[in-house]
1. If a residue has to be surrounded by 14 or more Cβ atoms within 10 Å (Cβ to Cβ), closer than 14 Å to residue 69 by Cβ and more than 10 Å from the chain's Cα centre (by Cα) to count, how many in region 5-29 make the cut?
2. Taking the residues in region 68-79 that are under 13 Å from the mean Cα position of the chain (by Cα) and touching a residue at least 12 places away in the same chain (Cβ under 8 Å) as candidates, determine which candidate is farthest from residue 7 (Cα to Cα).
3. Any idea which of (1) in contact with a strand residue (DSSP E or B) (Cβ under 8 Å, 6 or more places away or on another chain); (2) farther than 18 Å from residue 4 by Cα is the one residue 40 doesn't satisfy?
């Protein structure tokens with residue numbers, strides 16, 4: 001798994017309060033109590049923690065962990 005994917009997975013697992021293993025096994029966000037509050041929390045943590053800007057409409061259209069990784073990847077620069 002790429003560095004950006006690991007970083008996104010870490011943030012999403014923290015926000016959703018599930019293990020990274022659970023997110024890998026079931027990557028559909030709605031399966032993990034993904035709602036408007038968790039979505040905005042994740043967006044904030046992704047932008048702050050990874051130093052990226054994510055289009056809000058595109059982010060709300062994301063349905064899986066891979067969708068979120070795809071949104072963040074073009075801007076991600078490893079430290």
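1. Count: 3.
2. Here is the first cut: in region 68-79, the residues under 13 Å from the mean Cα position of the chain (by Cα) are 68-73, 76.
The next check asks that each one be touching a residue at least 12 places away in the same chain (Cβ under 8 Å); those that pass are 68-69, 71-73, 76.
Working: 68: 11, 69: 9, 71: 13, 72: 10, 73: 10, 76: 10 Å.
Going through the qualifying residues, I end up with 71.
3. Of (1) in contact with a strand residue (DSSP E or B) (Cβ under 8 Å, 6 or more places away or on another chain); (2) farther than 18 Å from residue 4 by Cα, only one is false for residue 40: (1).
Each reported figure results from applying straightforward, stated rules to the coordinates on display, with no laboratory input. Values in this document were obtained by computation on a predicted structure and should not be read as measured data. Here the Cβ is made from the backbone with ideal geometry for all residues, glycine too, and neighbour counts use every protein chain on show.
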